[in-house]
1. Taking 8 Å as the Cα distance limit and 6 or more residues as the minimum spacing, I'd like the relative contact order of segment 45-106 as a percentage.
2. Please compute the net charge surrounding ASP37, taking Lys and Arg as +1 and Asp and Glu as -1 over other residues with Cβ under 14 Å from its Cβ.
3. What residues qualify as long-range amide H neighbours of ARG68, i.e. H under 5 Å apart, gap of 5 or more or another chain, H built at 1.01 Å from N?
4. Select from SER77, ILE31, ALA87 the residue farthest towards the positive end of the dipole of the chain; place +1 on Cβ of Lys and Arg, -1 on Cβ of Asp and Glu, and compute about the Cα centre.
5. Along the charge dipole of the chain, which of PHE62, LEU52, ASN14 sits closest to the positive end, that is, farthest toward it, with unit charges on the beta carbon of Lys, Arg, Asp and Glu (+1, +1, -1, -1)?
6. Roll a 1.4 Å probe over the protein chains and send me the accessible area per residue for the chain in Å².
7. Can you tell me the length gained on complete extension of the stretch ARG42 to ASP91, counting 0.36 nm per residue apart and subtracting the Cα distance?
8. Report the extension gain between ALA8 and HIS100 in nm, rounded to one decimal, defined as 0.36 nm multiplied by the number of residues separating them, less their alpha carbon distance.
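The values are calculated or read from the model by the stated rules, or taken from the named source; none is laboratory data. These figures come from a predicted structure and were not determined experimentally. In this analysis, Cβ positions are derived from the backbone assuming ideal geometry, glycine residues included, and neighbour counts consider all displayed protein chains. To get the accessible areas, we keep the full protein, side chains included, count just its heavy atoms, and leave off ligands, DNA and RNA. Shrake-Rupley method; radii C 1.70, N 1.55, O 1.52, S 1.80 Å.
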Amino acid sequence: MDIFQAMADPTRRNIIERLSSYQAAKTGLSIKELTADTGISRQAVTKHLNVLVKSGAVKAEFKGKEKRHFLKHYAFSGAFQWLAPIAEEWDERLIRLKQHLNKGDIE
């Protein structure tokens with residue numbers, strides 16, 4: 001599965017966000033931690049984690065008896081490389097728009 005398909009679902013994007021925090025990067029997060037305060041069932045989070053693992057975005061490892069999940073940041077490098085020129089183009093367009101609008105304020 002491609003990284004864009006993995007990120008297509010809002011629940012998976014939420015999981016990616018939670019796993020990208022500084023603390024999660026160091027210690028990983030358990031299913032219990034990933035379901036806390038989300039209103040999403042353990043079963044649903046497990047299903048979404050499996051998709052993220054298959055896409056290469058997340059790895060799971062056991063720390064003692066507990067399974068911890070970690071974001072594999074490098075898995076997103078292809079997506080970043082693909083999106084970078086598009087983001088740069090839009091940044092340039094927005095700068096030009098701002099400059100154009102500011103000219104209208106001066107006159």
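1. Details: 27 pairs, mean separation 11.2, N = 62.
About 18 percent, as a whole number.
2. Details: positive: ARG18, LYS32, ARG42; negative: GLU17, GLU33.
Taking every other residue near ASP37 into account, the sum is +1.
3. GLU61, PHE62, LYS63
4. The residue sitting most towards the positive pole is ILE31.
5. PHE62
6. On the way: 7710 Å² over 107 residues.
I get 72 Å² per residue for the chain.
7. Numbers: separation 49, 0.36 × 49 = 17.64 nm, distance 3.95 nm.
Full extension of this stretch gives 13.7 nm more.
8. Working: separation 92, 0.36 × 92 = 33.12 nm, distance 3.49 nm.
Taking 0.36 nm per residue and subtracting the Cα distance, the gain is 29.6 nm.
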